[in-house]
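The values are calculated or read from the model by the stated rules, or taken from the named source; none is laboratory data. Remember, it's a predicted structure, so these values are computed and weren't measured experimentally. Backbone-built Cβ (ideal geometry, glycine too); neighbour counts: all protein chains shown.
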Amino acid sequence: MKSRIRSAAGAILLLTAAVLPVSCAESHPGRDANPVAQLDVERVRVPQWMRRSQPVVSVGRIIAGEAGLPWITGGSVAHPDSGATPTVWLSDDAVTWTRTPVTPEFSGSFRGVLRGGRELVALAGGVWSDGSVVSRLWTSVDRRHWTQTPLPDDFARRYRITDAYVAGESIVVTGSDQRGAARALRLDHDGANTSLIELPDPGNDAVLGVKDILGEGNSLVLVASPGPEGVPAATVSYRSIDGGKTRDAPATIADQSGHFAGVVWTGTEYVATGATRRDTSPTAPRVPAAWVSRDGAAWRHEAVPAPPTESHFRIDGSLPTWLGVPTTRDGVVTVVAAGQTAPGSALFRRGLDHEWNYLGETTVNSDTGVGGTAITVGDNTVTAILGSGATRFGRLTGTTWTDGQTLSTRDDAFDKTAPLASQQALLRTQRSTFTARPDWGYTSAGEGRLVQLVGDRLEERSWDPPDAAGLLNTRMVSDDDGATITLGTRFTGDQNIVQGWYRPNSRAGWQTIQGFGTTGSTVITTVRKTGAIWTAVGVVRANVDLETSDHAAAWTSTNGRDWVREVGEFGNGPLRSSIDDVCTLPDGSSLGVGWTEISQGRYQPAAWRARPEGWQRIRLGGLGDGDGSIGGCAVSGISIIVGARTEGRTVVLRSENGTDWTEVARAETGQTIGVPVAVPGGFAATGSWSDATHISPALWLSADGITWTPRRVLSVRDGSTATVSVYGDDLLVTMNPLIGDPLVIIRHSARVVADASTR
């Protein structure tokens, strides 16, 4: 069956710079475009604790002050219930920073990068407004006063700026279009002279994957990962010594298992940072790494020393750690290191002697894995900015870290809302909690609340049974006779234990569920009634230590109270697996979908079918050959639908018997189709939609599970819808409050699906 999607819009250097003059004009995104229709929604009033109360700050590199110019860093700031505004922060001493808007009148939401030097600084990126997106560029010679520099209309509307490089008073920007095709543009700071730079051809059915661009004089270097979309590829550099007219063959920086964070020119050589695998085993975590090149045409690996034994920050390879984006000043390179489970960050420096040194560690952050950027201020002092949820400056003098100015704090909003029993208008809303100690010990958990839709507002409710309060990842399922199961995970410090209750009808008392493990860690992802059998799926691991691998698991019950763990081909070694959803097939058996790990950090779609002898791995058509996962499944009428991600794309598969599967839809680059749900009139799936000039949260709708049509959902910035569920004849749609309303109602599901399927 042919794939069908309805849509309204039917390496270090670079470049072969074909110098092609380009006319500039003010862009008007959406003026000539034809975006898909936007759904009519009813907004729901929610408790204030479900909305964000703190600004979100996004910043990148720090550029040093010199010759009367202030220090500067920049990016954006998003206030609650609004988009992100282009913003810079200035300082005369790299200690006290002042926020400065780049443009006094701005509407929409901005995401971009700050680049520059002594003569010029530039803030470049994309502006989203009411579903339309356009690239924008602002420049400044004194860092205090900014001017919008016009971009060629075709470039601004079609390409979304991903990086920029400033050389003197000229700027090079790179961007990619909706399909991943890259383009580079060179222009003066006032936009008067503009030329295109021809980029390397990645080949048929491949994307260039531009990661960074920089240069010195006539030397240009482009860093990229060319290869098939969604397939891990080596990071390489392309060098040109004539301003882009010709270029050398690509030179490898890191293989496909490595991680490239960024690159700088020190004045004498290029220095790149990131991470490599600890060893060649498939389960080996990444450890910090650096690479150096004198000309951008050949690279050598440089070892990054381990911190001293008394340091809290470890790079022994037990868990992933990495170096972030480097910054250089007077030939000295400084970088922030982060770790997957490290509650603080570390700083490293490469001196004029070309040796890497560990400088020291920060105080604890607002979460694990927090990185940032750092720059040398003096011989013995480094200033850094750290951010992930909370953003702050700090200074390392010698080996002593001192916290500095805070730009934003961690927001404690309950920002993850999902249906619990949507036909009863019950939803659960959850937030992550993180408590760290000065000794780098920490507790990472969560807190959940029960809310119910009453008219046009959500109201908090007490849990029933009361002991369900405090559970995480709570699930509530009822069958047609009113029998109900409520269960979730309770964190007790050294274990994650499933607790649950069953009652045969709403008048009966709750009975405690038995049969789930009482040690280690168990998390339930889905519970469903399959014929006469209750089925739960999820993951288990021997303890709560994140170094321990978790594996898929399934349990069944004939009476709702007593549960038995099933046997199956779930794996038991260092590579992980998970079952994320389960559905009933026409023969009454269960289909479990999820993923398996094929090497550390790489995942592959996986499916299991329940047999009398146990759960067996099966293939769903051609799914499973590439990287990805299966997010969920749904059944309506004769259609069994699976939503998956494979090789960088989201796809929908359909079957009528659970054995023969056909891919019926594949989202374009930049679009996502999420977990499918059976709804009145057919199916709905969360996700996002985009075309050449638009991007928006969306619902994907289908009457038959074959043809899928996107419809935009009201938001304050680009992103994705989170969940969709059935509420009587209507649909409930949730989003992260950073993107849009936490909950909206779409009335008359069957009519909405039918309308989308016939237009």
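Key figures for this structure:
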quantity	calculated
Yes/no for THR758 being within 30 Å of GLY126 (Cβ to Cβ) and outside the structural domain of SER132 (by TED's automatic domain parsing)	no
Selected residue [closer than 24 Å to ALA374 by Cβ, at pLDDT below 95, in a strand (DSSP E or B) and over 19 Å from the mean Cα position of the chain (by Cα)] from ARG115, ARG99, ARG61	ARG61
Test result for VAL335, under 23 Å from ALA384 (Cα atoms), β-branched (Val, Ile, Thr) and outside any loop (DSSP other than H, G, I, E, B)	yes
Matching residues in the stretch 678-690 - criterion: being in contact with a Phe, Trp or Tyr (Cβ under 8 Å, 6 or more places away or on another chain) and either within 17 Å of GLY628 (Cα to Cα) or surrounded by fewer than 24 Cβ atoms within 10 Å (Cβ to Cβ) (or both)	GLY687
Only listed residue being surrounded by fewer than 17 Cβ atoms within 10 Å (Cβ to Cβ) and either hydrophobic (A, V, I, L, M, F, W, C) or assigned by TED's automatic domain parsing to the domain that holds PRO226 (or both), chosen from ILE638, ILE579	ILE638
Strands (runs of 3 or more DSSP E) wholly inside the stretch 432-495 that include at least 3 residues being aromatic (Phe, Trp, Tyr)	none
Check on GLY317, part of a loop (DSSP other than H, G, I, E, B) and on the phi > 0 side of the Ramachandran plot	yes
Among the residues listed as ARG314, ARG350, the single one being closer than 21 Å to HIS259 by Cα and surrounded by 21 or more Cβ atoms within 10 Å (Cβ to Cβ)	ARG350
Which listed residue is at pLDDT 90 or above and of a type outside the set (Lys, Arg), from GLY621, GLY670, GLY643, GLY626	GLY643
Tabulated pairs, the stretch 651-665, first among the hydrophobic types (A, V, I, L, M, F, W, C), second in a loop (DSSP other than H, G, I, E, B) and crowded, with 21+ Cβ neighbours inside 10 Å, C-beta under 9 angstrom, 6+ apart or interchain	VAL651/ALA667; VAL652/ALA667; VAL652/GLY705; VAL664/GLY705
Residue within the stretch 421-428 that is at pLDDT 90 or above, surrounded by 14 or more Cβ atoms within 10 Å (Cβ to Cβ), more than 23 Å from the chain's Cα centre (by Cα) and not hydrophobic (A, V, I, L, M, F, W, C) present	no
Residues that are outside any loop (DSSP other than H, G, I, E, B) and either crowded, with 22+ Cβ neighbours inside 10 Å or out of contact with any strand residue (DSSP E or B) (no Cβ under 8 Å at 6 or more places or on another chain) (or both), drawn from the stretch 713-731	VAL724, LEU731
Any hit, the stretch 681-692, residues being within 25 Å of GLY455 (Cα to Cα), in contact with a strand residue (DSSP E or B) (Cβ under 6 Å, 6 or more places away or on another chain) and not in a strand (DSSP E or B)	no
Qualifying residue in the stretch 671-680 (condition: of a type in the set (A, V, I, L, M, F, W, C) and part of a loop (DSSP other than H, G, I, E, B))	no
Hits in the stretch 378-420 (condition: surrounded by fewer than 19 Cβ atoms within 10 Å (Cβ to Cβ), hydroxyl-bearing (Ser, Thr, Tyr) and assigned to a strand (DSSP E or B))	THR381, SER388, THR397, THR400, THR402, THR406
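Table: residues versus (1) within 30 Å of THR321 (Cβ to Cβ); (2) modelled with pLDDT of 95 or more; (3) in contact with a Lys or Arg (Cβ under 7 Å, 6 or more places away or on another chain).
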{"position": "ARG179", "(1), (2), (3)": "no, no, no"}
{"position": "LEU187", "(1), (2), (3)": "no, no, no"}
{"position": "ASP190", "(1), (2), (3)": "no, no, no"}
{"position": "THR235", "(1), (2), (3)": "yes, yes, yes"}
{"position": "ASP248", "(1), (2), (3)": "no, no, yes"}
